[in-house]
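S.K.: Got a structure for you, questions after.
No value in this document is a laboratory result; all are computed from the given coordinates. The shown structure was predicted, so the numbers you read here are calculated from the model rather than taken from an experiment. Every residue, glycine as well, gets a Cβ built from its backbone with ideal geometry; the counts of neighbours run over all protein chains shown.
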Amino acid sequence: QVHVVESGGGLVQAGGSLRLSCAASGRTFSNYAMGWFRQAPGKEREFVAHISWSGGSTHYADSVKGRFTISRDNAKNTVYLQMNSLNPEDTAVYYCAATLTRSEVPRVGPREYNYWGQGTQVTVSS
């Protein structure tokens, strides 16, 4: 198993930026594809971004494409989500998730991930 912990959430004004971090335990981090999801009150958990084990493949939800960037540093066992041009619609709890695969195929469904963090709150004020 891998244990993941998110950090970096907070309150930001519309148009601002935040960078979320997801720290993973263990020596097998490079074997995992990673994803970011978010869930706003009263809404289903939705896909945000995916990155393959090597970082060679990334995939984004249309709603964040061009504004968010997912990256990873396997030496630090950490995946990042850089969020720019934030708007109030981005307000949600953001979750980091991991799945054990070295496939480059994007994983966009929550049930495709086996390990989840506890979430970090992102609030964007207008």
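S.K.: Taking region 1-44 as the search range and keeping residues that are crowded, with 16+ Cβ neighbours inside 10 Å and out of contact with any Leu (no Cβ under 9 Å at 6 or more places or on another chain), which one is farthest from Thr101 (Cα to Cα)?
M.R.: Arg38
S.K.: Okay, next question. Which ranges mark the strands (runs of 3 or more DSSP E) fully within region 1-61 that have 1 or more residues being under 14 Å from the mean Cα position of the chain (by Cα) and touching a residue at least 24 places away in the same chain (Cβ under 8 Å)? Steps first, answer last, please.
M.R.: On the way: elements: 4-7, 10-13, 18-24, 32-39, 46-51, 58-60.
Filter on region 1-61 gives 4-7, 18-24, 32-39, 46-51, 58-60.
S.K.: Would you tally the residues in region 9-53 being farther than 22 Å from Arg107 by Cβ and touching a Ser or Thr at 6+ places or on another chain (Cβ under 8 Å)?
M.R.: Counting residues in region 9-53 that are farther than 22 Å from Arg107 by Cβ and touching a Ser or Thr at 6+ places or on another chain (Cβ under 8 Å) gives 8.
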